[in-house]
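Colleague: Have a look at this one before I ask anything.
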Amino acid sequence: MTSMTRGQEKGHLARYQNMVQLAILLAILLATPLATMGQGLLVDVHPDHHFRIPRPIIHPPHPPRPPAPPQATYRIKQLELNATISDQVARVQVSQTFVNTGPRTMEVCFMFPIPHDSAIDRLTLLVDGKEFDGKLLDREEARRIYEGYIRRNRDPALLEWMGSGMFKTSVFPVPPGAERTVTLRYSQVCPQIGGLTELLLPLSTAKYTSKPVEKLAIRVSLKSDAPLKNIYSPSHALEIKRPGPRQATVQSIQNNVIPGSDFRLMFDVGDKAVAASLVSYRPVEKEDGYFMLLVSPEIQSAVDRTIRKNVVFVVDRSGSMSGKKIEQAKGALRFVLNNLNKGDLFNVVAYDTEIESFQPEMQRYGDSTRKQALGFVEGIHAGGSTNIDGALTVAFEMLKDDQDPSYVIFLTDGLPTAGQTNPNAIVSNATKHNAVRARIFNFGVGYDVNSRLLDKLARECFGQSQYVRPDEDIEEQVSRLYERIGAPAMTDIAIHYDIDGLGVERGAVTNRVYPKDAYDLFAGDQLVLVGRYKHSGAVKLTVEGKVGGEKEKFQFKGTLVNHSPDSSRGYVERLWAMRRIGEIIDKIDLEGRNEELVDELIALSKRHGILTPYTSFLADDTGGPLEEARGRQLTNEALDQLSSAPGGKSGVVQRAAKAALQRGNAAGFAGGGARVLDLASDKEVTLRTVQNVRTKTFFQRNGIWEDSTITEKQKKEMIEVKRFSDEYFRLARDLGTDASHYLALEGTVTVVIKGQAYQLKD
């Protein structure tokens, strides 16, 4: 019965997918240049206007033509995507609000790309409340019309047409200053791959425009008959709320952004107390592949089986903490004390020159001890010097229970000025007294902290550092961390990967896995691991760790693919590259610079378009080519700033950026330009001379968009292709869906496809 049901499901899915074999009847831009936006685009369709693809300017012998009419302009006020997924069926609504900012009425079309790998069963369109039926074109018919428009030298609205469907409808005239909202509704069947259900919402069409979306809001509601486990987006940072084990809401909101990648959401379901899903990607068969492992606890059981924990809060009360900072720190203390679990052991250590504890020993949490501890907090006042070494020694010596997980939440706003002041000695002492392998969570407040000291403490004591800028709230930052770690579900996790028949003499299955070492898994949280693999095949995954002091293990099945046919899982490689770059910077920071690490940093940044303050020269706004030696010189000069800044604003900014790369969970393709941290302003800036398309990065060199992977040999054997020629369309048809994204780039483009370099020219 099960087999028949699966067959029927496959038949239905195939019929749906046949419906999706659509292409685009691309609109004609007749009066204004190309205007592409988030989920659709505006195209002037006035019949009296004409527009031709730009050509080189040739000065005519006759008088110049009369000036063109005023250009139509608009702004994209909001793009909102709402989806509800019940099991595998997604109901999606997309609303786009735009404003005509030009001096004349616009008559426009709305274009919406349909996910090429999804099954569409219904399309309706609403324009300011009026409903219109959607019409889908046959792929061959659409391609014929599309090529005909191009050959008549009319400008296509979008070139990303291969492998995707497109919905098109006319929108009534829009007067100057008027605002219009277009809403599209459709349903789709979300595919299941390797146990993960995937939702794709197309956004990458926006890479063809420089116009930002003022507000991009994505909201997804998940409902399932089985408990939801891993919920993850490789493309966007998410805010996830779980009101119950079978429900979840997902949200991602950005302002003034040019979306650079499609929105992808993955989730799985199951009845085990712990769930794990494996995703692998191997673009080159004879080279290492890349994998991502998602691990999460069952929500309900995690809450019911919450592990008792030991927590020591260490708070700086030196003179520099006076005023607003000490009040916020006390607020953070109150939050933690009011949210401990019954049975937890806890204590509070306040320090300046002297060290003072709430109690000499750890206290069992209950109503009485909670009230007493809150009274201790009220009596904390700022004054004196900063004895970091003494405070950490007292805190670690209190922790004697190695059965339950232990955490030290350490807060400071300055440099060590009392007791032991040598940073290396402080780290050594902390490590020596940390007998139970407690994890430390550091909070550096303001720009006066020794950020290198905090990062060394985090590395040696199995934790992490966070930095609270002067304009940020200490209480909010600490509360957010504690909400995540407050309920351990499984601790000291280790993961093993086994392939049947693989002997030890052939080496380990995986390498360079991040994050490193052991992990803790918290209720409502999930672990995202990335790494590389050498051997392919069916994999048995074993996840083991402590639950309530007792060891437990869970086993799962997965696959490490031998070769990936396309780049749909390319985000795995980029996510690994982000983590690896963060690890390289951390090693250089804490252990010193060496040439091999610098080489690897430059190579990874260039290949993946992941720019850092040390490799920003790759996308320098001058756009000129740089010799390798000059590039290394600029990188080393920038790294000198890191090595010479143990603290201060520069040190804090750089180490916060490093931590973001190390902990990054979203691959975050830039699309409209790469973002890089400006050390002077502590803000991200966008460099328009680089863009990421699918898994490739393109740098603008001397007015040409150049594939970052191209070699000198490939340049010599490069084939020139005239855009919209027969050869151009042949490439689009023959080289697969990935190629269409690269062929759609504007301007002169050099790109490597299947080992061959092409240069696209108008």
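The values are calculated or read from the model by the stated rules, or taken from the named source; none is laboratory data. Note that the structure is predicted; figures quoted are calculated from it, not measured. Backbone-built Cβ (ideal geometry, glycine too); neighbour counts: all protein chains shown.
Colleague: On the given criteria, is residue 429 in the same structural domain as residue 387 (by TED's automatic domain parsing), more than 27 Å from residue 405 (Cβ to Cβ) and part of a helix (DSSP H, G or I)? Write out each step before concluding.
Modeller: Numbers: in the same structural domain as residue 387 (by TED's automatic domain parsing): yes; more than 27 Å from residue 405 (Cβ to Cβ): no; part of a helix (DSSP H, G or I): yes.
Taking the combined requirement at face value, the residue does not satisfy it.
Colleague: Quickly run through the range 733-757 and pick out the residues that are β-branched (Val, Ile, Thr) and assigned to a strand (DSSP E or B).
Modeller: Quick first cut of the range 733-757, residues β-branched (Val, Ile, Thr) only: 737, 748-753.
If the condition is that a residue be β-branched (Val, Ile, Thr) and assigned to a strand (DSSP E or B), then 749, 750, 751, 752, 753 are the ones that fit.
Colleague: Also: All but one of (1) over 30 Å from residue 526 (Cα atoms); (2) within 26 Å of the chain's Cα centre (by Cα); (3) not in a loop (DSSP other than H, G, I, E, B) hold for residue 681; which doesn't?
Modeller: It is condition (3) that residue 681 fails.
Colleague: Check the range 568-581 and report whether any residue there is touching an Asp or Glu at 6+ places or on another chain (Cβ under 6 Å), touching a residue at least 24 places away in the same chain (Cβ under 8 Å), of a type outside the set (Lys, Arg) and over 30 Å from residue 460 (Cα atoms). Even if it seems obvious, please write down each step before you answer.
Modeller: Let us first name the residues in the range 568-581 that are touching an Asp or Glu at 6+ places or on another chain (Cβ under 6 Å), namely none.
The answer is no, given that none of the residues of the range 568-581 is touching an Asp or Glu at 6+ places or on another chain (Cβ under 6 Å), touching a residue at least 24 places away in the same chain (Cβ under 8 Å), of a type outside the set (Lys, Arg) and over 30 Å from residue 460 (Cα atoms).
Colleague: Hey, can you tell me all the residues within the range 340-379 that are small (Gly, Ala, Ser) and surrounded by fewer than 15 Cβ atoms within 10 Å (Cβ to Cβ)? Break it down into steps so the answer makes sense when it comes.
Modeller: The initial filter retains those residues of the range 340-379 that are small (Gly, Ala, Ser), namely 343, 350, 357, 366, 368, 373, 375, 379.
343, 366, 368, 375, 379, listed by residue number.
Colleague: Also: Take residue 274 and tell me if it is buried (at least 20 other Cβ atoms within 10 Å of the Cβ), in contact (Cβ under 8 Å) with a residue 12 or more places away in the chain and over 29 Å from residue 744 (Cβ atoms).
Modeller: For residue 274, the condition - buried (at least 20 other Cβ atoms within 10 Å of the Cβ), in contact (Cβ under 8 Å) with a residue 12 or more places away in the chain and over 29 Å from residue 744 (Cβ atoms) - is met.
Colleague: What pairs come up if the first residue lies in the range 499-513 and is in contact (Cβ under 8 Å) with a residue 12 or more places away in the chain, the second is in a loop (DSSP other than H, G, I, E, B) and not β-branched (Val, Ile, Thr), and their beta carbons are under 6 Å apart, counting only those six or more places apart or on different chains?
Modeller: 499/535; 502/535; 509/535
Colleague: Moving to a separate point now. Given the condition surrounded by 23 or more Cβ atoms within 10 Å (Cβ to Cβ), aliphatic (A, V, I, L, M) and more than 26 Å from residue 344 (Cβ to Cβ), answer yes or no: does some residue in the range 440-450 qualify?
Modeller: Within the range 440-450, one or more residues are surrounded by 23 or more Cβ atoms within 10 Å (Cβ to Cβ), aliphatic (A, V, I, L, M) and more than 26 Å from residue 344 (Cβ to Cβ).
Colleague: Being over 30 Å from residue 335 (Cα atoms) and of a type in the set (S, T, N, Q) is the filter; apply it to the range 483-516 and report the residue that is surrounded by the fewest Cβ atoms within 10 Å (Cβ to Cβ).
Modeller: In this case the residue turns out to be 511.
Colleague: Further question on the same structure: Looking at (1) touching a residue at least 12 places away in the same chain (Cβ under 8 Å); (2) more than 20 Å from residue 691 (Cα to Cα), which is the one condition that is false for residue 751?
Modeller: Going through the list (1) touching a residue at least 12 places away in the same chain (Cβ under 8 Å); (2) more than 20 Å from residue 691 (Cα to Cα), residue 751 breaks only (2).
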